[in-house]
Amino acid sequence: MRLYVNIDHIATVRQARRTDEPDPVRAAVLVELAGADGITVHLREDRRHIQDRDVELLMRTARTPVNLEVAASSQVLDQACAWRPFQVTLVPERREEVTTEGGLALHEAARREATRAAIARLRDVGIRTSLFIDPDEDAIRTSLDLGADAVELHTGEYANATGQEKAEQLARISASADTAAKLGLAVHAGHGLTYENVVPIAAIDALEELNIGHSIVSRAVFTGLEAAVREMGELLRRARAR
Ligand code: PXP
């Protein structure tokens, strides 16, 4: 099981002040040193967190594969073809959403054809393609037909569910992962995974890659806060000791 860490929310904190810290590219170095198998970033059309500069630098400095999430119809796709990350994950994107809300609507002809065209363009320049889809059989079969190398199963509904519904969502993801793997697709999963809910997902044999962001960045704030406050306190004490 590969862990790809999504570092978008390091950039979210930076963009709150439009300053140069915390730098997601520096974060990527630490993420790699900690053992992550890859770095995931979502370059949104509205540039709300990750910026072009981040992807450019990441492409030159990352030691692990970069998984770039983009919307199929955007001009970001042109940039992706030029940057040539190891993998592009095509995702739906709506400006009003707080975060990606669901998988690609591949049942809609226009979306399906835009996705087909995007996959062909990416494949032409040697980029591995993954489609972010809901865990259902039609979407999986369509992904195969479109020529994707991998599917990333949306775990958001599982993450939000409780009780019996959570068990049902887990079974749905597990069955979808088996179906996709049997069809020869690489199977990834992600969205809303946390330290509390990841274990049953990670136990699904057919899954080979998880993309996790918000929960890891959130945990890092708490595991790092004490040291950060101590460091600032030490600076203040030293200033007066002179
Ligand atoms: N996978 C995809 C396709 C996503 O869009 C996101 C969020 O950007 C993630 C995984 C990571 O989700 P989370 O931040 O909730 O871990």
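Coordinate-derived values only; no laboratory data. For clarity, every value in this text was computed on a predicted model and none was experimentally measured. FYI the Cβ positions are ideal-geometry reconstructions off the backbone, even for glycines, and counts take in every protein chain you see.
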- Task: Place the peptides 120-129, 11-20, 149-158 in order of packing, highest mean first, counting for every residue the other Cβ atoms within 10 Å and averaging per peptide.
- Result: 149-158, 120-129, 11-20
- Query: Taking the simple approach of a point 7 Å from Cα along Cα-to-Cβ for both residue 175 and residue 235, what is their distance in nm?
  - Reply: 5.5
- Query: Which net charge results for the neighbourhood of residue 119, defined as the other residues with beta-carbon distances under 12 angstrom from its beta-carbon, given Lys and Arg at +1 and Asp and Glu at -1?
  - Reply: +1
- Item | Full-extension gain in nm, residue 195 to residue 56, via 0.36 nm per residue minus C-alpha separation | 47.0 nm
- Note on the structure: So, over other residues within a Cβ distance under 11 Å of residue 39, counting Lys, Arg +1 and Asp, Glu -1, the net charge is -3
- Message: Tell me which GluC sites (Glu not before Pro) from the stretch 171-218 have a DSSP coil assignment and no more than 16 other beta carbons within 10 Å of their own.
- Response: 196, 208
- Note on the structure: Net charge (Lys, Arg +1; Asp, Glu -1) of residues whose beta-carbon lies under 11 Å from that of residue 186, residue 186 excluded, is -2
